[in-house]
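**Student:** Encoded as C-alpha cells, here's the structure I'll be asking about.
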Amino acid sequence: MEQNYMEMFHRGEASSMRFWTGKLSKELIYRRPWLCIYEAQSHALFGELDEADVLLAKAEEHLQLENPAADTKSMLGHIAFIKSRVIGMRGDVQRSIELGHIARENAPASNQALQSGIGIMLGTGYFLNGDFTNAIQSLTETIQLSKAANAINGTVAACCHLARLYAIQGQLQKSYELYQEAGKFAQKAGGQNRGVMSLVDMGIANVMYELNDLKNALTYINQGLELVPLWGSADDIVLAHTTHARILQAQGNKAGAAEAIEKGIHLIQTRGVFSAARDAVRTAQVKLWLVQGDTLSADRWAASQEERLLPDSGFRFENELTRITLSRVYFAQKKPDETIRLLTRLEESAESGGRTGRLIEILILKALTLQIFGETAQGLAALEKSLSLAEPEGYIRIFLYEGPLMQRLL
C-alpha cells in the first residue's frame, strides 16, 4: 500500500492520490505515520491547510510515542517539507525557508521526489522574499539533480518556476526557451506525467500573451486548464484562471475574463495559496474593474490595501504587484502626485532588484501619468526607457493594454 502511494507521489498524480486515500477511513490513516504524512502532503498541495495540520500532528504524535525506526529521520524531513509549504502559504516566508533547510538536512538523498520538492519549495520561499539570487541557485540545483535522476516532475516543475522568475526579470525569451525545454523533458515520460505538463502550457501561454500571439496563448492556456486538476496545486489552478482571464480580456471578452477571475477568487477564498497567486488574481480583478468603469469597487480595494501596506515602508517584493495596481487606481482617481510618488519608488525598487519585467510596466504607467500631468518631455523619456528594455525581448501586449492613451504617446 505504501509503495503504491509513493509511486503516485513520485509521478505527481495528486488527483489519483486523493481518489485512493478517499477509500480509506480516517482511523486507518491516523494509525500509520507514513500515511498521515503523504495525506498531509496531498492536503497541503490542494491548499487544505487545516486538514494538513491535523495529519502532521498525528504523524508527529506517532513518532514521539513509538521507538525510533530506521526511517524516522526521513519522516521528520518530510514533515518539515510539508510544514514549509503550509507556513509559507500562511505568510511566514522566513520560517518557511528555515523549515526547508531542516527538511533538506533530514531527507535522504535517495528520495529524489522529496529532494526535488524541497528544492522547489526553497526556491519559492526565496522568490517570495525577493531573494532572486538564492531562488535561482536553489531551482537551478534542483533541475540539475532531478535531470540526473531522470525525475520528470522535479525537473519540469523546477524549470517552470525558474522560467516564471526569468519573466519577472524581463528575460522573456530565456523564459520561453526554458518552458520549451521542460516540455520536451516531460514528453520523455510518454504521457505518464500529464499533470506537470499543465505548468508548461500555462507558462508558454503567458509568454504568447506578452508577444501578443493571443490565438496560441488561448490554445496553450486551455490545454493547461484541462490538465492542471491532475497536478492538483491550488496555486497553479489560480494562476491558470488568472492567465485565462488576461487573454480573454485582451480579446475583448470581458464577460469571459470576469468568469475566469471569479473562479480564481473562489479558490483563494476557500483554499490556502501563496501570496503570489493570491495577488495575481486580485490585481487582475482590479484591472478588469477599471476597464469596466467600476471605480467604486476599485476605490474600495485601494483603501483596503493602503491600510494593509502602511507598515511596509520598505517596499518589499511580495507587495510589488499590489502597489503597481494601486498606482493604476490612483491614476484613474486623477491623483497624479500620488501616482508619480508611488511609481518613482516602485521604479527604484524594481530597477535595483533587477525585475525588468515589472520595471517596463512601471515606466509605462509613469509615462502616461506624466503626460496627463503636462510633463510630456519627461513622459516621453520614461516611455523611451521602457521601449529600450522591452524591444529586445519582444514585449508587445504590455503596451497595447494601455489603449488610446499609449497610442497617442507613442
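The values are calculated or read from the model by the stated rules, or taken from the named source; none is laboratory data. Remember, it's a predicted structure, so these values are computed and weren't measured experimentally. Neighbour counts run over all protein chains shown; Cβ positions are idealised from the backbone, glycine included. These area figures cover heavy atoms from the full protein model, side chains too; ligands, DNA and RNA do not enter into them. Shrake-Rupley method; radii C 1.70, N 1.55, O 1.52, S 1.80 Å.
**Student:** Within the accessible area of the chain, what % is carbon and sulfur when the probe is 1.4 Å and the other protein chains stay in place?
**Tutor:** Carbon plus sulfur share of accessible area: 51 percent.
**Student:** Using Cα atoms only, what is the angle between the long axis of helix 72-89 and the major principal axis of the chain, expressed in degrees (0 to 90) to the nearest 10?
**Tutor:** 20 degrees
**Student:** By how many degrees, between 0 and 90 and to the nearest 10, does the Cα long axis of helix 295-309 differ from the longest principal axis of the chain?
**Tutor:** Roughly 60 degrees between the two axes.
**Student:** Using 18 Å as the Cα-Cα cut-off, could you pick out the over-long pairs in Lys58/Lys83; Lys215/Lys263; Lys215/Lys287; Lys335/Lys366?
**Tutor:** Over 18 Å Cα-Cα: Lys215/Lys263; Lys215/Lys287.
**Student:** Put a dot 7 Å past each Cα toward the Cβ at Asn212 and Thr376; how far apart are the dots in nm?
**Tutor:** 2.4 nm
**Student:** Tell me the volume per residue, in Å³, of the convex hull enclosing the alpha carbons of segment 360-410.
**Tutor:** 57 Å³
**Student:** If you don't mind, another one. Over the chain, what relative contact order in percent results from Cα pairs under 8 Å that are six or more residues apart?
**Tutor:** The value is 13 percent.
**Student:** Using +1 on the beta carbon of Lys and Arg, -1 on that of Asp and Glu, and nothing else charged, what's the dipole of the chain about the Cα centre, debye to 20?
**Tutor:** Here the chain has a charge dipole of around 460 debye.
**Student:** For the chain, what is the mean residue ellipticity at 222 nm derived from helices alone (per DSSP H run of n ≥ 4: -39500 (n - 2.57); sum divided by total residues; nearest 500 deg cm²/dmol)?
**Tutor:** Counting only the DSSP helices, I get -26000 deg cm²/dmol.
**Student:** Compute, for Asp131, the solvent-accessible surface of its heavy atoms (probe 1.4 Å) with the complete set of protein chains present, and express it in square angstrom to the nearest 10.
**Tutor:** Per-residue accessible area (Asp131): approximately 50 Å².
**Student:** A follow-up question, please. How big is the chain by the Kirkwood estimate over distinct Cα pairs, in Å?
**Tutor:** It works out to 22.2 Å.
**Student:** To the nearest 10 degrees, how steeply does helix 112-128 sit against the main Cα axis of the chain, on a 0 to 90 scale?
**Tutor:** 30 degrees
**Student:** Next up: For segment 249-290, treating each Cα as an identical point scatterer without solvent, what Debye log10 I(q)/I(0) comes out at q = 0.17, 0.20, 0.30, 0.32 1/Å?
**Tutor:** Each listed q corresponds, in turn, to -0.44, -0.58, -1.05, -1.13.
**Student:** So, one more: For segment 360-410, report the accessible area per residue in Å² (1.4 Å probe, heavy atoms, rounded to an integer).
**Tutor:** Accessible area per residue: 49 Å².
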